[in-house]
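Beneath this line is the structure, given in structure tokens, with notes to follow.
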Amino acid sequence: MPTVTYIEHDGTEHRVELPAGWTLMQGATLNGINGIEGECGGSCGCATCHVYVDEAYLDKLPAPSETEEEMLECTASPRRANSRLSCQIKAMPEIDGIVVHLPETQS
Amino acid sequence: MFRFDPYSPANDADPFPAYKTLRDEHPAFWCEEAGMWVYSRYADIVTALNDWQTYSSAKGNLVDELPNRAGNTLGTTDPPRHDRLRALIQKAVTKRALDYLEDPIRAVCRKHLDALKGRKTFDFVNDFSSKVTVDLLFHLFAMPTDKQEIVRDKAVLMVQTDPVTRKKGPEHLAAYEWMANFAAELVAERKKNPGDDLLSNFITSEIDGEKLADKEVQLTVTTLIMAGIESLSGFMSVMGLNLADHPEARRALVADPSLIPDAMEESLRYNTSAQRFRRCLTRDVEIHGKVMKAGDFVMLAYGAGNRDERQFPNPDVYDITRKPRGHLGFGGGVHACLGTAIARMACKIAFEEFLQAFPDFTRTQQDLPWVPSSNFRSPLKLELAVG
């Protein structure tokens, strides 16, 4: 099972294993990690699962879809070059060990 | 031998004991009555929602699908076309795009609450939640208000199934046909005179330079009306029921209305009106010792997953401090409910206003009449005594 490390805004780290195919948004909400809301249920419709992806893993992810690009314009914390929506990132062996930083606020 | 009958009135009233047996003893259950498999554990449902390639919606998503609907609506189309269709509407229904609705929703709620002033008893469903929902939807879609009553009646009827024949009955199909025709006329009219409402924007959209097919537009509009009326009203009605049945929760919300959103999320987990939807397998899947074949349908029982103790401790307790993130009250994955932001906003405002007008109420019916439906669960009437 791929491992994901979430680092909250205050520096708290959570390392969790996710079943392959589950999204990083689900990994956070299901493990009680604060800082990711996922209001829309994972349909790329709300921008409350915004994360900053560690640079080392950024290139391993598929490029954001047009919808994700649009939603990233709506994030509550500033959008940066490494901003992604975690409901659009699936835990797969290729990104095993990925590190994501959670923004200060989601809404 | 254990049976699970999604058509029985007993199941409409209380599916939760059967759900527990399903989760504990038959996590991949062949349901004779519906002719499909049933998933009831949270993790299995989430896995199915994530894997749209295996669990396809293109053969329909209603447990009892309506004729000609599969493949022609958002909920019954797979990516990538689904994603492009959805993108046409998505941006207009995000939380930030909806601020303009706050005042109209509040005004609608107050209007219907004013009409109840001085009453000792009333029906929460027909006197409040349905009325608010219908007004809101007509406002949102800029639809002719003289049709409100009939549109509401048809929307409620089309989602039902006949408890005896275990199918859609002629009255349900007729209601669906009526709604499809109503949508067709609406679409034709908006094509001629587009406004700046949500429907006009969708109707006049193109995907990759290609106009949407008439049938696609009509049936998507039909579904938006159905969901907008039946599902939103159902959401509010079960929330009203929960607050009637859990006075300590209600008193907490009256004392501090900022807790209303937490109570809504817990309602979505505890007894969401969206109880069961279906998918169709595109390949063989082996799970929990069963082999399911490509072409088999799988019912995803959100209402069962939401009560799965493997995910939510003490799942049968309605606890407004739970903050149940990841619940399946709106489904999940690419097909998660499109209207989540509108539904949350409308429900929050409705209860802010309702609890201010009626802080204290009890339900007067011992047994409630429930919508006969293989998909949805909400009371047809909820008589309250106030004060």
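Values in this text are rule-based calculations from the coordinates and carry no lab data. Because the structure is predicted, anything quoted here is derived from the model rather than measured. Here the Cβ is made from the backbone with ideal geometry for all residues, glycine too, and neighbour counts use every protein chain on show.
At a glance:
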| item | result |
| --- | --- |
| Efficiency of FRET from Cβ geometry, B:ALA213 and B:VAL164, R₀ 30 Å, rounded to 0.05 | 0.25 |
| Under Karplus coefficients 6.51, -1.76 and 1.60, residue-wise ³J(HN,Hα) of the range B:226-238 in Hz, glycine/proline x | 4, 5, x, 8, 5, 6, 5, 5, x, 4, 5, 5, 5 |
| Euclidean distance of C-alpha centroids, the range B:6-71 and the range B:286-300, integer Å | 11 |
| Distant-in-sequence amide H partners of A:GLY38 (H built 1.01 Å from N, under 5 Å) | A:THR48, A:CYS49 |
| For the protein assembly as shown, convex hull volume per residue from C-alpha positions, Å³ | 146 |
| Eligible aspartates and glutamates near B:LYS154 by straight Cα distance, threshold 18 Å, same-chain separation 8 or greater | B:ASP64, B:GLU65, B:ASP127, B:ASP135, B:ASP146, B:ASP162, B:GLU171, B:GLU177, B:GLU185, B:GLU230 |
| Footprinting exposure proxy for B:MET36, B:MET239 (fewest neighbouring C-beta atoms within 10 Å first) | B:MET36, B:MET239 |
| Top positive-direction residue, dipole computed over the range A:3-101 with Cβ charges, set A:LEU58, A:LEU85, A:LEU18 | A:LEU18 |
| Farthest toward positive dipole pole in chain B [+1 Lys/Arg, -1 Asp/Glu at C-beta], among B:PHE141, B:PHE128, B:VAL164 | B:PHE141 |
| Efficiency of FRET from Cβ geometry, B:ARG251 and B:GLU309, R₀ 35 Å, rounded to 0.05 | 0.80 |
| Translational D in µm²/s for the range A:3-101 (Stokes-Einstein at 4 °C, 1.567 mPa s, Kirkwood Rh from C-alpha pairs) | 98 |
| Whole-number percent relative contact order across chain A, with pairs defined as alpha carbons under 8 Å at least 6 apart | 41 |
| Trypsin sites (Lys or Arg not before Pro), loop per DSSP, at most 15 other Cβ atoms within 10 Å - longest free stretch of chain B | B:168-282 |
| Given B:LYS348/B:LYS381; B:LYS168/B:LYS381; B:LYS168/B:LYS211; B:LYS117/B:LYS323; B:LYS20/B:LYS120, the pairs whose alpha carbons are separated by over 27 Å | B:LYS168/B:LYS211; B:LYS117/B:LYS323; B:LYS20/B:LYS120 |
| Amide H partners (placed H, <5 Å) of B:MET36, local residues excluded | B:CYS31 |
| Long-range amide H partners of B:ARG278 with built H, under 5 Å | B:LEU62, B:VAL63, B:LEU300 |
| Computed log₁₀ I(q)/I(0) - Debye formula, equal Cα scatterers, no solvent, the range B:194-251, q 0.29, 0.30 Å⁻¹ | -1.10, -1.12 |
| Chain B - percent relative contact order, Cα under 8 Å, separation 6 or more | 28 |
| Where labels lie 7 Å past Cα in the beta-carbon direction, separation of A:ARG80 and B:ARG3 in nm | 6.0 |
| Positive-end residue, the protein assembly as shown charge dipole about Cα centroid, Cβ charges, pick of B:ALA252, B:THR21, B:PHE376 | B:PHE376 |
| Centroid-to-centroid separation of the range B:75-96 and the range A:16-56 [C-alpha atoms, Å] | 20 |
| Per-residue average of Cβ from other chains inside 10 Å of A:33-43 | 6 |
| Charge dipole magnitude, Cβ of K and R +1, D and E -1 - the protein assembly as shown, Cα centre, debye nearest 20 | 740 |
| Sparse-neighbour loop sites [GluC sites (Glu not before Pro); the range A:37-107; at most 16 other C-beta within 10 Å; DSSP] | A:GLU73, A:GLU104 |
| Lysines with Cα under 18 Å of A:LYS90, excluding same-chain neighbours fewer than 8 positions away | A:LYS60 |
| The range B:195-264 versus the range B:129-146: alpha-carbon centroid distance in Å | 12 |
| Efficiency of FRET from Cβ geometry, B:LYS117 and B:ALA10, R₀ 41 Å, rounded to 0.05 | 0.60 |
